[in-house]
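Trainee: The structure under discussion is supplied below as structure tokens; questions concerning it will follow.
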Amino acid sequence: MNDTPVSEPPREEPSGEATTEQMPPPRRLLRSTGDRVIAGVAGGLGRYFGIDPVVFRIGFALSLFFGGLGALAYLLLAVFVPTDGDPDRAQRLGARLRALGIWRGLGLVAIAIVAFFGLSALAAVAAFAVGLGWGVPVAIVIIAIGALLAIASLRGGARWLIPPAVAIAIGGGVAAASDLDVRGGIGEREYHPTTVRSIPADGYRLGAGRLVVDLRGLDWGKHRVLPLEVSLGVGQADVFVPKRVCVTGTTHAGVGESEVTGERNDGVDVDHTPAGSRSTPRLNIDASVDVGQLRVINSDTADVDRPGFGPGPFHEDTAPLRAAEARACGTG
Amino acid sequence: MRNGLSIDILSLGAGAAIAVVGALVLLDSAGSLDLSLGWMAVALIGAVGAILALSGLTRQPKRHD
């Protein structure tokens, strides 16, 4: 037996230094100072993921049209992700927020939210005033604020006045351009006429709220042609007709959505002309909603209180409405 | 940026932009102009964009990134 220990070749123990040399440093997300358009977020993301930053820029831009979550993400990344160079303004802001602590930071967020809703309320008041027919006075106020700002610029400026001025200008401008009219009253109005004579000659109007006109109780004789005017300033207008009635005429939504016999459109200045037909019975509608939603629902079973919510032919599947319209108008 | 005359360019530009929007609202409300919502949106976005651009241009950077 040989007690002599067998010498084994020395094993190379991995040392920290060797590991450091062999392993690449962990990648860190940094905003780019060399490839930046706003805050270098897209440039940094592109470098981090090895993708062309233009892809991220397009993504952030597109997100503005889908709720703006991308803009919020961009803002957060700009504030809380450091740059690969000297700290910029956003990074200093992030450092200040971290230094403030959670409660103060939340306080600042609360103040920002209050300011946002305050400015929104100001815009709404301006829009409402224009809708009441005070467009000229509101315009004069906007011009006066603009002049005040210009005059104040000679005395050091009045920058605090810019946000409320912009809010009033946006509210008044949108209301004026969309011909907002809220003089027809405010609230929820529901009409179920059972005779043609009970329908007002100038149609149904409402300033703001929900307007429901249910024409399914009418005697729709085989040759009935009913002209109807519906006008709403802000809110939701729903017109119900039996599915055997052909709907023609024109509908207009200034800002919002129109859903006429299953044809859905949304956006700005949404005009829709239902299929031209001389089939009877026929509803010849002239309907407009300045801001909000306009629906003409050709269904015998739709619930007046909950059309478009929950199970049913609306929003989930509008094909039955389009098919009924095609049958009623003889265009299918 | 404030020059020797102490004119606040941002307030001046914002005032001009706001006044232009006010003039459009006035013309539309008085019936002299029938501005569509699309064109008003262009005007409003232009005004806000001009104010933001002026805000950026008149800001004196503390350091160059």
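Trainee: Does the range A:196-205 contain at least one residue that is closer than 25 Å to A:A121 by Cα and of a type in the set (V, I, T)?
Mentor: No, because not a single residue in the range A:196-205 is closer than 25 Å to A:A121 by Cα and of a type in the set (V, I, T).
Trainee: Give the residue that is surrounded by the most Cβ atoms within 10 Å (Cβ to Cβ), with candidates limited to residues of the range B:33-65 that are modelled with pLDDT of 90 or more and more than 9 Å from every other protein chain (Cβ to nearest Cβ).
Mentor: Looking at the filtered set, the residue picked out is B:L54.
Trainee: Please pick out the residue among A:R98, A:R92, A:R104 that is surrounded by fewer than 15 Cβ atoms within 10 Å (Cβ to Cβ) and within 14 Å of another protein chain (Cβ to nearest Cβ).
Mentor: Working: A:R98 fails: within 14 Å of another protein chain (Cβ to nearest Cβ); A:R104 fails: within 14 Å of another protein chain (Cβ to nearest Cβ).
Exactly one residue qualifies, and that residue is A:R92.
Trainee: Moving on. Would you mention how many residues in the range B:1-19 are part of a helix (DSSP H, G or I) and more than 13 Å from A:G172 (Cβ to Cβ)?
Mentor: So in the range B:1-19, the residues part of a helix (DSSP H, G or I) come out as B:9-19.
Imposing the further condition that a residue be more than 13 Å from A:G172 (Cβ to Cβ) reduces the set to B:9-17.
Residues flagged as part of a helix (DSSP H, G or I) and more than 13 Å from A:G172 (Cβ to Cβ) within the range B:1-19 amount to 9.
Trainee: Considering A:T261, A:T331, A:T273, which residue is under 20 Å from A:G217 (Cα atoms) and either of a type in the set (S, T, N, Q) or at pLDDT 90 or above (or both)? Steps first, answer last, please.
Mentor: Numbers: A:T331 fails: under 20 Å from A:G217 (Cα atoms); A:T273 fails: under 20 Å from A:G217 (Cα atoms).
Unique residue meeting the criteria: A:T261.
Trainee: Then there's this: Criterion first (part of a strand (DSSP E or B), hydrophobic (A, V, I, L, M, F, W, C) and in contact with a Phe, Trp or Tyr (Cβ under 9 Å, 6 or more places away or on another chain)) does A:V296 satisfy it? Before you say what the answer is, go through the steps one by one.
Mentor: On the way: part of a strand (DSSP E or B): yes; hydrophobic (A, V, I, L, M, F, W, C): yes; in contact with a Phe, Trp or Tyr (Cβ under 9 Å, 6 or more places away or on another chain): yes.
Yes; evaluated as a whole, the condition is true for this residue.
Trainee: To continue, here is another question. Looking at this structure, is A:G85 under 28 Å from A:A177 (Cβ atoms) and not in a helix (DSSP H, G or I)?
Mentor: Details: under 28 Å from A:A177 (Cβ atoms): no; not in a helix (DSSP H, G or I): yes.
No.
Trainee: Would you mind telling me which numbered condition in (1) crowded, with 23+ Cβ neighbours inside 10 Å; (2) within 27 Å of A:T261 (Cβ to Cβ) A:I170 fails?
Mentor: Result: A:I170 passes all but (2).
Trainee: Going by the conditions given, is A:L62 assigned to a helix (DSSP H, G or I), modelled with pLDDT under 85 and under 28 Å from A:A112 (Cα atoms)? Quick ask: steps written out before the conclusion?
Mentor: Numbers: assigned to a helix (DSSP H, G or I): yes; modelled with pLDDT under 85: yes; under 28 Å from A:A112 (Cα atoms): yes.
So A:L62 passes the test.
Trainee: Right, next: Which of the residues belonging to the range A:122-154 are closer than 19 Å to B:V21 by Cα, within 25 Å of the chain's Cα centre (by Cα) and surrounded by fewer than 19 Cβ atoms within 10 Å (Cβ to Cβ)?
Mentor: Selection gives A:L122, A:A124, A:V125.
Trainee: Let me ask another. Quick one: A:R183 ticks every box in (1) over 26 Å from B:L27 (Cβ atoms); (2) touching a residue at least 12 places away in the same chain (Cβ under 8 Å); (3) of a type in the set (K, R) except a single one, so which number is it?
Mentor: Looking at each condition in turn, A:R183 falls short on (1).
Trainee: Quick check on this structure: which one of A:G267, A:G292 is at pLDDT 85 or above and either under 20 Å from A:R189 (Cα atoms) or under 28 Å from the mean Cα position of the chain (by Cα) (or both)?
Mentor: On the way: A:G267 fails: at pLDDT 85 or above.
One residue alone meets the criteria, A:G292.
The values are calculated or read from the model by the stated rules, or taken from the named source; none is laboratory data. In this text the structure is predicted, and so the values were computed from the model without any measurement. Cβ coordinates were reconstructed from backbone atoms using ideal geometry, including for glycine residues, and neighbour counts include every protein chain displayed.
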